[in-house]
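See below for the structure under consideration.
The values are calculated or read from the model by the stated rules, or taken from the named source; none is laboratory data. Predicted model, so just to flag it, every value in this text is computed and none were measured. A quick note on method: Cβ atoms are made from the backbone with ideal geometry, for glycine too, and the neighbour counts reach across all protein chains shown. Side chains included, ligands, DNA and RNA excluded: accessible areas come from the protein's heavy atoms. Shrake-Rupley method; radii C 1.70, N 1.55, O 1.52, S 1.80 Å.
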Amino acid sequence: MSTHISVPPQLLLERILTLEIVRVTERAAVSAARLRGHGQEKPADQAAVDAMRRELNKLPIEGTIVIGEGERDEAPMLFIGEKVGLNAGPQVDIAVDPLEGTTLCAKNMPGAIATMAMADGGTLLHAPDVYMQKLAVGPGYAKGVVELDASPADNVRRLAKAKGVEPAAITVLVLDRPRHADIIAGVRSTGAAVRLITDGDVAGVIHCADPDNTGVDMYIGTGGAPEGVLAAAALRCIGGQMQCRLILDSDEKRERAHKMGVTDPRMIYGIEDMVRGDCLFAATGVTTGSLLSGVKFRKDVIETETVVMRSVTGTVRYIKAEHRQLDKFHLD
(Lines give C-alpha, C1' and ligand atoms only; values in the text may rest on other atoms or scores of the structure.)
Protein backbone atom coordinates (compact mmCIF):
# COMPACT_ATOMS: atom_id res chain seq x y z
CA MET A 1 0.00 0.00 0.00
CA SER A 2 1.49 3.33 -1.00
CA THR A 3 1.29 6.30 1.34
CA HIS A 4 2.07 9.89 0.62
CA ILE A 5 2.60 12.88 2.85
CA SER A 6 0.54 15.90 1.96
CA VAL A 7 1.78 19.31 3.05
CA PRO A 8 -0.43 22.41 2.72
CA PRO A 9 0.90 24.58 -0.13
CA GLN A 10 1.63 27.52 2.21
CA LEU A 11 3.63 25.37 4.60
CA LEU A 12 5.46 23.74 1.72
CA LEU A 13 6.52 27.14 0.44
CA GLU A 14 7.67 28.21 3.88
CA ARG A 15 9.66 25.01 4.25
CA ILE A 16 11.29 25.58 0.89
CA LEU A 17 12.12 29.16 1.85
CA THR A 18 13.81 27.91 5.04
CA LEU A 19 16.49 26.34 2.87
CA GLU A 20 16.43 29.07 0.25
CA ILE A 21 17.39 31.82 2.69
CA VAL A 22 20.36 29.67 3.76
CA ARG A 23 21.62 29.91 0.18
CA VAL A 24 21.32 33.70 0.36
CA THR A 25 23.50 34.06 3.47
CA GLU A 26 25.94 31.38 2.25
CA ARG A 27 26.61 33.31 -0.97
CA ALA A 28 27.07 36.58 0.90
CA ALA A 29 29.44 34.99 3.43
CA VAL A 30 31.63 33.35 0.77
CA SER A 31 31.88 36.59 -1.22
CA ALA A 32 32.90 38.55 1.89
CA ALA A 33 35.29 35.82 3.07
CA ARG A 34 37.41 36.23 -0.07
CA LEU A 35 38.40 39.64 1.31
CA ARG A 36 39.09 38.55 4.91
CA GLY A 37 42.16 40.21 6.36
CA HIS A 38 42.65 42.60 3.43
CA GLY A 39 41.80 45.67 5.49
CA GLN A 40 39.06 46.67 3.05
CA GLU A 41 35.75 47.13 4.83
CA LYS A 42 33.74 48.71 2.01
CA PRO A 43 34.75 46.27 -0.77
CA ALA A 44 34.01 43.28 1.52
CA ASP A 45 30.60 44.72 2.43
CA GLN A 46 29.86 45.47 -1.23
CA ALA A 47 30.79 41.92 -2.26
CA ALA A 48 28.37 40.54 0.34
CA VAL A 49 25.61 42.95 -0.74
CA ASP A 50 25.98 42.04 -4.41
CA ALA A 51 25.89 38.31 -3.70
CA MET A 52 22.90 38.58 -1.38
CA ARG A 53 20.96 40.67 -3.89
CA ARG A 54 21.61 38.20 -6.73
CA GLU A 55 20.28 35.31 -4.62
CA LEU A 56 17.27 37.18 -3.26
CA ASN A 57 16.19 37.98 -6.80
CA LYS A 58 16.01 34.25 -7.59
CA LEU A 59 13.48 33.51 -4.81
CA PRO A 60 9.76 32.90 -5.48
CA ILE A 61 8.69 35.87 -3.34
CA GLU A 62 7.39 39.43 -3.54
CA GLY A 63 9.99 40.84 -1.18
CA THR A 64 10.49 44.32 0.22
CA ILE A 65 13.72 45.30 1.99
CA VAL A 66 12.63 47.03 5.20
CA ILE A 67 16.01 46.83 6.96
CA GLY A 68 18.86 47.28 4.52
CA GLU A 69 22.09 49.05 3.77
CA GLY A 70 20.72 52.48 4.61
CA GLU A 71 18.25 54.68 2.81
CA ARG A 72 18.06 54.77 -0.95
CA ASP A 73 20.41 57.68 -1.68
CA GLU A 74 23.19 56.23 0.49
CA ALA A 75 23.23 52.60 -0.61
CA PRO A 76 24.06 51.14 -4.00
CA MET A 77 21.89 48.08 -3.41
CA LEU A 78 19.55 46.49 -0.90
CA PHE A 79 18.31 49.89 0.23
CA ILE A 80 15.22 50.31 2.38
CA GLY A 81 12.16 49.96 0.15
CA GLU A 82 13.89 48.00 -2.62
CA LYS A 83 11.82 45.20 -4.16
CA VAL A 84 13.45 41.79 -4.52
CA GLY A 85 12.45 38.33 -5.67
CA LEU A 86 10.68 36.95 -8.73
CA ASN A 87 7.52 38.95 -7.95
CA ALA A 88 5.67 35.67 -7.52
CA GLY A 89 4.75 34.00 -4.26
CA PRO A 90 4.19 35.34 -0.75
CA GLN A 91 4.62 39.00 0.14
CA VAL A 92 7.45 39.20 2.64
CA ASP A 93 9.39 41.80 4.61
CA ILE A 94 13.14 41.29 4.54
CA ALA A 95 15.84 42.54 6.90
CA VAL A 96 19.46 42.13 5.82
CA ASP A 97 22.92 42.76 7.15
CA PRO A 98 25.02 41.21 4.36
CA LEU A 99 28.21 41.58 6.41
CA GLU A 100 27.78 42.19 10.12
CA GLY A 101 31.20 43.02 11.49
CA THR A 102 32.85 44.68 8.48
CA THR A 103 35.83 45.57 10.68
CA LEU A 104 36.04 41.98 11.94
CA CYS A 105 36.20 40.75 8.35
CA ALA A 106 38.74 43.37 7.27
CA LYS A 107 41.01 42.43 10.19
CA ASN A 108 40.20 38.69 9.97
CA MET A 109 38.97 38.73 13.58
CA PRO A 110 36.36 36.32 15.01
CA GLY A 111 32.62 36.77 14.67
CA ALA A 112 31.82 38.32 11.27
CA ILE A 113 28.56 36.92 9.84
CA ALA A 114 26.22 37.35 6.87
CA THR A 115 22.67 37.53 8.15
CA MET A 116 19.06 38.12 7.12
CA ALA A 117 15.50 37.68 8.31
CA MET A 118 12.29 37.19 6.35
CA ALA A 119 8.79 37.70 7.75
CA ASP A 120 5.19 38.01 6.61
CA GLY A 121 4.61 41.23 4.65
CA GLY A 122 4.00 44.25 6.87
CA THR A 123 5.19 42.63 10.11
CA LEU A 124 8.79 43.87 10.55
CA LEU A 125 9.45 47.20 12.24
CA HIS A 126 10.59 49.76 9.69
CA ALA A 127 13.50 51.12 11.70
CA PRO A 128 15.52 54.09 10.46
CA ASP A 129 19.30 53.76 10.42
CA VAL A 130 19.84 55.34 13.85
CA TYR A 131 21.10 54.12 17.20
CA MET A 132 18.91 52.06 19.49
CA GLN A 133 19.12 51.24 23.19
CA LYS A 134 19.01 47.46 23.63
CA LEU A 135 18.51 45.08 26.52
CA ALA A 136 18.18 41.32 25.98
CA VAL A 137 18.04 38.15 28.07
CA GLY A 138 17.49 34.52 27.16
CA PRO A 139 14.41 32.31 27.50
CA GLY A 140 12.91 30.91 30.69
CA TYR A 141 12.27 34.09 32.67
CA ALA A 142 9.02 35.82 33.65
CA LYS A 143 8.07 38.71 31.38
CA GLY A 144 9.59 41.99 32.53
CA VAL A 145 12.33 40.34 34.61
CA VAL A 146 14.62 43.13 33.40
CA GLU A 147 13.61 46.60 32.19
CA LEU A 148 15.25 49.00 29.77
CA ASP A 149 14.82 51.98 32.10
CA ALA A 150 16.25 50.22 35.15
CA SER A 151 19.95 50.71 35.90
CA PRO A 152 22.41 48.07 34.65
CA ALA A 153 23.21 47.15 38.27
CA ASP A 154 19.53 46.74 39.10
CA ASN A 155 18.97 44.56 36.03
CA VAL A 156 21.90 42.31 36.98
CA ARG A 157 20.49 41.87 40.50
CA ARG A 158 16.98 41.16 39.15
CA LEU A 159 18.26 38.59 36.66
CA ALA A 160 20.45 36.91 39.27
CA LYS A 161 17.49 36.61 41.63
CA ALA A 162 15.31 35.13 38.86
CA LYS A 163 18.09 32.66 37.95
CA GLY A 164 18.66 31.74 41.60
CA VAL A 165 22.33 32.75 41.64
CA GLU A 166 24.50 35.52 43.05
CA PRO A 167 25.17 38.54 40.80
CA ALA A 168 28.80 37.33 40.56
CA ALA A 169 27.56 34.35 38.51
CA ILE A 170 26.03 36.64 35.83
CA THR A 171 27.89 37.64 32.64
CA VAL A 172 26.78 40.64 30.60
CA LEU A 173 27.83 41.18 26.98
CA VAL A 174 28.59 44.80 26.04
CA LEU A 175 29.87 46.40 22.84
CA ASP A 176 33.30 47.89 23.65
CA ARG A 177 32.65 51.59 23.10
CA PRO A 178 33.46 54.71 25.19
CA ARG A 179 29.72 55.48 25.39
CA HIS A 180 29.22 52.30 27.41
CA ALA A 181 31.63 53.17 30.25
CA ASP A 182 28.79 53.79 32.74
CA ILE A 183 27.03 50.54 31.78
CA ILE A 184 30.25 48.56 32.26
CA ALA A 185 30.93 50.21 35.63
CA GLY A 186 27.34 49.59 36.75
CA VAL A 187 27.47 45.89 35.87
CA ARG A 188 30.83 45.38 37.55
CA SER A 189 29.69 47.19 40.70
CA THR A 190 27.43 44.19 41.44
CA GLY A 191 30.26 41.68 41.14
CA ALA A 192 28.98 40.49 37.75
CA ALA A 193 31.35 39.94 34.81
CA VAL A 194 31.42 41.94 31.59
CA ARG A 195 32.37 40.34 28.28
CA LEU A 196 33.34 42.96 25.72
CA ILE A 197 32.95 42.57 21.96
CA THR A 198 34.44 44.90 19.36
CA ASP A 199 31.67 44.54 16.75
CA GLY A 200 28.66 42.45 15.82
CA ASP A 201 25.73 43.02 18.10
CA VAL A 202 23.29 40.78 16.18
CA ALA A 203 25.48 37.83 17.13
CA GLY A 204 25.93 39.43 20.56
CA VAL A 205 22.21 39.42 21.32
CA ILE A 206 21.81 35.86 20.01
CA HIS A 207 24.42 34.71 22.56
CA CYS A 208 21.88 35.47 25.33
CA ALA A 209 19.52 32.82 24.00
CA ASP A 210 21.88 29.97 24.87
CA PRO A 211 23.66 30.94 28.10
CA ASP A 212 24.60 27.34 28.94
CA ASN A 213 26.84 27.20 25.87
CA THR A 214 27.88 30.85 25.44
CA GLY A 215 28.17 31.85 29.09
CA VAL A 216 26.28 35.08 28.34
CA ASP A 217 23.18 35.95 30.42
CA MET A 218 22.33 39.46 29.25
CA TYR A 219 23.13 42.01 26.56
CA ILE A 220 23.09 45.75 27.29
CA GLY A 221 24.07 48.76 25.20
CA THR A 222 23.33 51.01 22.26
CA GLY A 223 23.92 49.92 18.67
CA GLY A 224 22.32 50.18 15.26
CA ALA A 225 18.52 49.95 15.06
CA PRO A 226 18.61 47.74 11.94
CA GLU A 227 20.73 45.20 13.84
CA GLY A 228 18.21 45.39 16.68
CA VAL A 229 15.39 44.25 14.41
CA LEU A 230 17.51 41.38 13.03
CA ALA A 231 18.40 40.26 16.55
CA ALA A 232 14.72 40.45 17.55
CA ALA A 233 13.87 38.15 14.63
CA ALA A 234 16.35 35.58 15.94
CA LEU A 235 15.07 35.80 19.51
CA ARG A 236 11.51 35.50 18.20
CA CYS A 237 12.51 32.08 16.86
CA ILE A 238 14.47 30.74 19.84
CA GLY A 239 12.99 32.50 22.83
CA GLY A 240 14.19 35.29 25.06
CA GLN A 241 13.21 38.85 25.83
CA MET A 242 14.37 42.11 24.32
CA GLN A 243 13.51 45.75 24.98
CA CYS A 244 14.65 48.54 22.69
CA ARG A 245 14.17 52.26 22.17
CA LEU A 246 15.19 54.31 19.15
CA ILE A 247 17.59 57.17 19.91
CA LEU A 248 16.04 60.07 18.02
CA ASP A 249 18.16 62.95 19.31
CA SER A 250 17.70 65.42 16.45
CA ASP A 251 14.83 66.88 14.45
CA GLU A 252 16.20 65.23 11.31
CA LYS A 253 16.17 61.76 12.92
CA ARG A 254 12.69 62.27 14.36
CA GLU A 255 11.45 63.33 10.92
CA ARG A 256 13.00 60.26 9.25
CA ALA A 257 11.48 57.98 11.87
CA HIS A 258 8.08 59.63 11.46
CA LYS A 259 8.18 58.99 7.70
CA MET A 260 8.74 55.30 8.47
CA GLY A 261 5.66 55.19 10.68
CA VAL A 262 7.23 55.76 14.11
CA THR A 263 4.58 57.81 15.97
CA ASP A 264 5.99 57.65 19.51
CA PRO A 265 9.73 58.51 19.59
CA ARG A 266 10.02 57.33 23.23
CA MET A 267 8.32 53.97 22.72
CA ILE A 268 9.93 50.88 24.20
CA TYR A 269 9.75 48.04 21.68
CA GLY A 270 9.51 44.40 22.68
CA ILE A 271 10.25 41.52 20.31
CA GLU A 272 6.56 41.33 19.29
CA ASP A 273 6.61 45.04 18.37
CA MET A 274 9.59 44.58 16.06
CA VAL A 275 8.67 41.20 14.55
CA ARG A 276 4.94 40.55 14.58
CA GLY A 277 4.47 37.66 12.16
CA ASP A 278 6.01 34.28 11.39
CA CYS A 279 9.66 34.79 10.54
CA LEU A 280 12.76 32.99 9.33
CA PHE A 281 16.26 33.99 10.38
CA ALA A 282 19.58 32.82 8.94
CA ALA A 283 23.23 33.65 9.59
CA THR A 284 26.36 32.21 7.95
CA GLY A 285 29.81 32.56 9.49
CA VAL A 286 32.35 34.66 7.57
CA THR A 287 35.13 34.47 10.15
CA THR A 288 35.06 31.79 12.85
CA GLY A 289 33.46 32.99 16.08
CA SER A 290 31.72 31.58 19.13
CA LEU A 291 28.43 31.37 17.20
CA LEU A 292 29.51 29.92 13.84
CA SER A 293 32.56 28.62 11.98
CA GLY A 294 33.85 30.83 9.19
CA VAL A 295 34.08 29.99 5.49
CA LYS A 296 36.83 27.50 4.67
CA PHE A 297 38.38 27.45 1.20
CA ARG A 298 39.69 23.98 0.32
CA LYS A 299 41.23 22.88 -2.97
CA ASP A 300 37.95 21.84 -4.63
CA VAL A 301 35.45 22.53 -1.88
CA ILE A 302 34.13 25.56 -0.03
CA GLU A 303 32.78 24.83 3.47
CA THR A 304 30.20 26.98 5.25
CA GLU A 305 28.27 26.85 8.52
CA THR A 306 24.84 28.44 8.87
CA VAL A 307 22.22 28.65 11.57
CA VAL A 308 18.62 28.94 10.34
CA MET A 309 15.62 29.42 12.61
CA ARG A 310 11.88 29.54 12.18
CA SER A 311 9.55 31.17 14.69
CA VAL A 312 6.36 29.21 13.99
CA THR A 313 8.02 25.91 14.91
CA GLY A 314 10.89 27.13 17.09
CA THR A 315 13.20 24.93 15.01
CA VAL A 316 16.89 25.82 14.96
CA ARG A 317 19.06 24.08 12.38
CA TYR A 318 22.83 24.25 12.02
CA ILE A 319 23.81 23.49 8.44
CA LYS A 320 27.39 22.57 7.64
CA ALA A 321 27.67 22.59 3.88
CA GLU A 322 30.34 21.46 1.41
CA HIS A 323 30.01 23.28 -1.90
CA ARG A 324 31.59 21.61 -4.92
CA GLN A 325 29.96 23.53 -7.76
CA LEU A 326 32.14 26.57 -7.17
CA ASP A 327 31.02 28.61 -10.18
CA LYS A 328 27.73 29.34 -8.38
CA PHE A 329 29.74 31.74 -6.19
CA HIS A 330 30.61 34.04 -9.10
CA LEU A 331 34.37 33.79 -8.86
CA ASP A 332 34.97 36.69 -11.24
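Find the eigenvalues of the gyration tensor of the Cα atoms of the range 129-214, then list the square roots of 5 times those eigenvalues as equivalent ellipsoid semi-axes, largest first, in whole angstrom. Before the final figure, lay out the partial values.
Working: eigenvalues 72, 46, 35 Å².
That gives 19, 15, 13 Å for the three semi-axes.
Starting from one equal scatterer on each C-alpha and no solvent at all, send me the Debye-based log10 I(q)/I(0) for the range 267-332 at q = 0.18, 0.24 Å⁻¹, two decimals. Each listed q maps to, in turn, -0.79, -1.03.
Are any of the pairs LYS83/LYS143; LYS163/LYS253; LYS163/LYS296; LYS296/LYS328; LYS134/LYS320; LYS58/LYS296 more than 27 Å apart by Cα-Cα distance, and if so, which?
Values: LYS83/LYS143 36 Å; LYS163/LYS253 38 Å; LYS163/LYS296 39 Å; LYS296/LYS328 16 Å; LYS134/LYS320 31 Å; LYS58/LYS296 25 Å.
Beyond 27 Å: LYS83/LYS143; LYS163/LYS253; LYS163/LYS296; LYS134/LYS320.
Our summary of shape: the Cα atoms of the range 155-267 have principal axis extents of 45, 31, 26 Å, ordered from largest down, in whole angstrom. Of interest is the spacing of the C-alpha centroids, which for the range 18-68 and the range 285-313 amounts to 13 Å. In terms of its alpha-carbon gyration tensor, the chain comes out rounded; the largest-to-smallest axis ratio a/c stays below the 1.5 threshold.
Count Lys and Arg as plus one, Asp and Glu as minus one, and take only other residues whose Cβ is under 13 Å from that of ARG317; the net charge is then +2. Taking the alpha-carbon centroid of each part, what is the distance from the range 86-145 to the range 236-266 in angstrom? The range 86-145 and the range 236-266 have Cα centres separated by 14 Å. Surface analysis of the range 209-306 yields an accessible area of 39 Å² per residue, using protein heavy atoms and a 1.4 Å probe. Per residue, the accessible area of the range 60-197 comes to 42 Å², computed with a 1.4 Å probe over protein heavy atoms only.
Using only Cα atoms, what is the ratio of the radius of gyration of the range 192-332 to 2.2 N^0.38 Å?
Working: Rg = 17.8 Å, N = 141, 2.2 N^0.38 = 14.4 Å.
Normalised by 2.2 N^0.38 Å, the Cα Rg of the range 192-332 equals 1.23.
Just the number, please: carbon plus sulfur as a percent of the accessible area of the range 65-180, 1.4 Å probe, no ligands or DNA/RNA counted. Please list the in-between numbers first.
On the way: 2380 of 4750 Å².
Solvent-exposed carbon and sulfur of the range 65-180 make up 50 percent of the total.
State the antiparallel share, in %, of DSSP beta bridges confined to the range 126-270, rounding to the nearest 5. Restricted to the range 126-270, the bridges split so that about 70 percent are antiparallel.
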